[in-house]
Amino acid sequence: MTTAASWLEMADDDPFGIDNLPYCAFGQDRFRWTGVRIGDRILNLAAAEGRGLLDAGGAFLGQGNLNRFMSAGRPVWARVREHLTELLSAARHREAVEPLLLAVADVRLDLPFEVADYVDFYSSLEHATNLGRLFRPDAPEPLLPNWKHLPVGYHGRAGTVVVSGTDVPRPFGQRRTPDDPAPTYGPSTRLDVEAEVGFVVGVPSEGPIPIDDFRAHVFGAVLVNDWSARDLQAWEYQPLGPFLGKSFRTSISPWVVPLDALESARTPGPAQQPPVLPYLSAADHHGYEIDLEVLWNGTPVARPPFAGMYWTPAQQLAHMTVNGAWARTGDLYASGTVSGPTPEQTGSFIERTWNGARPIQLADGTTRTFLLDGDTVTITATAPGPSGSRIGFGEVTGTVTKPE
Ligand code: MN
């Protein structure tokens with residue numbers, strides 16, 4: 001797509017320029033609509049479709065989330081994106097469209113889609129290696145034997161996925177350190193984050209999704225914070241994997257960046273040795289260059305690079321349906337913690353502080369290992385757009401609150 005300018009006034013380097021156009025669900029009072037962001041505004045899509053300015057087959061009419069539009073499929077997504085680009089760039093549409101814009105600051109941003117199932121992967125080689133060393137210090141190898149043969153994942157809890165800005169009450173549970181004679185119960189003392197990128201399924205399937213059909217099914221991407229209580233997790237996770245240490249809340253950004261906005265961010269997938277099985281082998285093996293940043297009470301503490309992930313989103317989707325499980329509209333699958341090779345590139349605090357052994361200093365002079373009550377974590381990201389522009393993901397933010 002060529003880069004057109006919008007008639008809306010904004011900076012040339014605005015991360016919500018005409019090349020991005022992420023979707024959202026938003027509201028005022030008891031009303032909810034779907035929208036698309038341009039600059040610091042949201043175009044009300046129900047109003048736009050209702051007035052005949054664009055045709056999504058009715059997918060925006062009377063809808064408080066994006067599920068119906070996401071289920072419509074790639075030809076409809078492409079047509080609507082073309083309409084929106086035209087409406088927001090050609091000056092002749094300004095008179096009709098401008099009254100349908102609202103300031104982002106004036107609305108409530110809601111969960112953009114109803115989450116069907118939620119799966120979380122574990123696809124950063126560096127993260128899996130770090131966690132292996134921290135959780136199994138006596139094991140000869142940090143990676144388990146399956147790790148390079150399949151994208152390891154687990155089913156999370158869809159019902160506790162919340163939109164950015166929602167508070168996160170400190171979770172309670174059982175924990176037992178190696179020195180404890182017996183488990184104890186109480187609020188987590190090792191509350192952590194995981195900076196991730198999530199992909200959302202638009203078009204459902206009745207069974208396995210072949211790896212090369214990724215783009216026909218996946219609608220777009222969001223930022224994910226997979227809040228994690230490490231003390232609960234360490235005691236409960238064997239042999240069935242994460243459970244209550246993760247399921248209390250998972251936060252996502254309000255903006256769904258369409259895959260079409262990430263075309264310029266495509267990057268060759270990593271070399272994979274040993275070779276993967278045929279169902280995980282894509283004709284076009286690619287990942288995405290998405291640069292994350294993690295802020296702890298406003299202090300930047302890490303810049304995790306999504307481009308380095310070992311398993312790609314297409315491989316994850318193929319794997320999670322290869323057993324015959326179907327995919328549903330609204331299925332959310334997250335990448336796993338994004339961590340690069342250096343401590344400054346790690347997407348969790350257990351890695352960033354090496355299990356608390358290396359506290360980090362925040363801008364106010366205080367130090368941290370794990371999260372304190374009142375702490376706010378914000379994850380932001382951008383990706384390369386066409387012609388040097390940047391595609392913004394906005395942010396996913398949340399504040400830890402003291403348990404009642
Ligand atoms: Mn995770």
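The values are calculated or read from the model by the stated rules, or taken from the named source; none is laboratory data. A quick note: this is a predicted structure, and the numbers were derived from the prediction, not measured. Backbone-built Cβ (ideal geometry, glycine too); neighbour counts: all protein chains shown. When the accessible area is computed, the model is the full protein with side chains, heavy atoms only, and any ligands, DNA or RNA have been set aside. Shrake-Rupley method; radii C 1.70, N 1.55, O 1.52, S 1.80 Å.
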Given the -39500 (n - 2.57) contribution per DSSP H run of 4+ residues, what per-residue ellipticity at 222 nm results for the chain, rounded to the nearest 500 deg cm²/dmol? -4000 deg cm²/dmol
In nm, spacing of pseudo-spin labels at residue 28 and residue 299 (7 Å Cα→C-beta vector): 4.0 nm
Cβ under 14 Å from residue 301's Cβ, residue 301 left aside: what net charge do those residues give with Lys, Arg +1 and Asp, Glu -1? -3
From Cα pairs below 8 angstrom and at least 6 apart in sequence, can you work out the relative contact order of segment 23-110, rounded to a whole percent? 36 percent
Quick calc: nm separation of the 7 Å Cα→Cβ label points for residue 344 and residue 387 -> 3.3 nm
Using the Cβ atoms and a cut-off under 11 Å, what net charge is assigned to the surroundings of residue 247, where Lys and Arg are +1 and Asp and Glu are -1? 0
Where only protein heavy atoms count, and the probe is 1.4 Å, what is the accessible area per residue for the chain in Å²? 42 Å²
Calculate I(q)/I(0) for segment 240-280 by the Debye formula, one identical point scatterer on each C-alpha and no solvent, and give its log10 at q = 0.16, 0.17, 0.25, 0.27 Å⁻¹ to two decimals. -0.91, -0.94, -0.85, -0.89
Compute, for segment 37-187, the length of the dipole vector about the Cα centre, with Cβ point charges of +1 (Lys, Arg) and -1 (Asp, Glu) only. Units Debye, rounded to 20. 140 debye
Hey, got a sec? Which trypsin sites (Lys or Arg not before Pro) in segment 197-295 land in a DSSP loop and have at most 12 other Cβ atoms within 10 Å? none
FRET efficiency estimate (nearest 0.05) - Cβ-Cβ, residue 103 to residue 180, R0 60 angstrom: 0.70
Unit charges on C-beta of K, R, D, E only; dipole of the chain, Debye: 540 debye
Kirkwood Rh over alpha-carbon pairs of segment 118-401 plugged into Stokes-Einstein at 25 °C, 0.890 mPa s gives a D in µm²/s of 128 µm²/s
Accessible carbon and sulfur surface of the chain relative to its total accessible area, %, 1.4 Å: 53 percent
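According to the square roots a ≥ b ≥ c of the eigenvalues of the Cα gyration tensor, what is the shape class of segment 137-228, taking rounded for a/c under 1.5, prolate for a/b larger than b/c otherwise, and oblate for the remainder?
The shape class here is oblate.
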Could you work out the percent of alpha carbon pairs in segment 23-110 separated by over 23 Å, rounded to a whole number? 16 percent
Pairwise label distance in nanometres, residue 401 with residue 172, each label 7 Å out on the Cα-Cβ vector: 1.6 nm
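Which loop-located GluC sites (Glu not before Pro) does segment 1-90 contain, where loop means any DSSP state but H, G, I, E or B and the Cβ has at most 14 other Cβ atoms within 10 Å?
Here the GluC sites (Glu not before Pro) that fit, given the DSSP loop and packing criteria, are 9.
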Using only Cα atoms, tell me the angle between helix 74-89 and the longest principal axis of the chain; keep it within 0 to 90° and round to the nearest 10. 60 degrees
Computed over the chain: longest principal axis from alpha-carbon atoms vs helix 125-135 long axis, angle to nearest 10 degrees, is 30 degrees
Subtracting the Cα-Cα distance of residue 284 and residue 263 from 0.36 nm times their residue separation yields 6.3 nm
Net charge of Cβ neighbours under 11 Å - reference residue 359; Lys, Arg +1; Asp, Glu -1: +3
Where only alpha carbons of segment 1-61 are counted, the Rg and the Dmax (Å): 12.7, 39
Full-extension gain between residue 213 and residue 328, please, as 0.36 nm times their residue separation minus the C-alpha to C-alpha distance. 39.9 nm
5 Å is the cut-off here: which amide hydrogens, built 1.01 Å from N in the peptide plane, fall below it relative to residue 41, excluding neighbours closer than 5 in sequence? 104
Isotropic mean projected area of the C-alpha convex hull, segment 264-404 (nm²): 12.1 nm²
Given the peptides 285-297, 144-156, arrange them by the average over their residues of other C-beta atoms within 10 Å, most packed first. 285-297, 144-156
